[in-house]
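Read the structure below first, then the notes.
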Amino acid sequence: KETLEMNTQEKEIPIDQIDIPPILMREGESLESLQELAESIKEKGLINAITVRPKGDRHELIAGWRRLKAHGLIPRSTIRCKVQECTDDEALDLMVHENFFRKDIEPYEAGVFYKKLLDTGRVTVEEMAVRAQHSVDWILDRMEILTYPDYLIAYIKQKRISLGVARYLAAIKDDVYCKMY
């Protein structure tokens with residue numbers, strides 16, 4: 001079966017020629033988060049092109065809303081796009097996969113990653129913080145999760161408790177009281 005990727009080309013498109021679809025899965029991104037992404041794009045360039053489809057004489061966004069918004073903050077007049085010929089249904093399928101099956105790294109997964117990287121001896125926590133554009137405390141908080149009791153780690157992974165609540169509960173040394181809370 002032929003995949004949609006076969007009908008894709010990549011090119012620079014003026015940002016003002018890209019329309020946001022009527023149904024958008026992500027909209028509530030904070031300005032601070034978008035500015036951080038914009039700084040990353042300024043420094044390292046756009047790593048992954050956004051995905052659009054031709055719609056008349058314009059283009060409609062399929063995937064990459066955050067990248068498009070952050071790119072506009074730089075500001076630049078064009079953005080690198082994968083242009084994909086697809087139907088409305090195919091575009092919706094791609095949007096669903098982009099937003100529901102691909103996600104940001106969870107705090108526990110970040111902790112595992114940073115711990116493994118630190119254990120190699122190739123980088124220090126300070127170097128990791130600069131590369132990840134997070135504070136040293138942020139990275140240490142993620143690695144601290146690995147020391148929590150298994151049930152707290154499970155609750156974090158399941159998003160049943162926030163990282164702040166888990167940190168508070170992990171500080172309770174009596175396991176009976178911790179589980180009670």
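The values are calculated or read from the model by the stated rules, or taken from the named source; none is laboratory data. No experiment lies behind these values; they were computed from the predicted model shown. Every residue, glycine as well, gets a Cβ built from its backbone with ideal geometry; the counts of neighbours run over all protein chains shown. Please note that ligands, DNA and RNA were not included when accessible areas were found on the heavy atoms of the full protein model with its side chains. Shrake-Rupley method; radii C 1.70, N 1.55, O 1.52, S 1.80 Å.
Of the residues in segment 98-112, at least one is out of contact with any Ser or Thr (no Cβ under 9 Å at 6 or more places or on another chain), among the hydrophobic types (A, V, I, L, M, F, W, C) and at pLDDT 80 or above. Among the conditions (1) open to solvent by 90 Å² or more (accessible area, probe 1.4 Å); (2) touching a residue at least 12 places away in the same chain (Cβ under 8 Å); (3) closer than 28 Å to GLU32 by Cβ, the only one that ILE156 does not satisfy is (1).
Condition test on LYS55, is it out of contact with any Asp or Glu (no Cβ under 8 Å at 6 or more places or on another chain) and not aliphatic (A, V, I, L, M)? Let's see the steps before the verdict.
Values: out of contact with any Asp or Glu (no Cβ under 8 Å at 6 or more places or on another chain): no; not aliphatic (A, V, I, L, M): yes.
In short, no.
Remark: pairs (first residue in segment 122-141, touching a residue at least 60 places away in the same chain (Cβ under 8 Å); second residue surrounded by 12 or more Cβ atoms within 10 Å (Cβ to Cβ) and of a type in the set (D, E, K, R); Cβ separation under 9 Å; 6+ apart in sequence or on different chains) = GLN133/GLU36; GLN133/GLU39. For segment 159-181, the set of residues classified as in a helix (DSSP H, G or I) and either under 23 Å from the mean Cα position of the chain (by Cα) or surrounded by 11 or more Cβ atoms within 10 Å (Cβ to Cβ) (or both) consists of LEU163, GLY164, VAL165, ALA166, ARG167, TYR168, LEU169, ALA170, CYS178, LYS179, listed by residue number.
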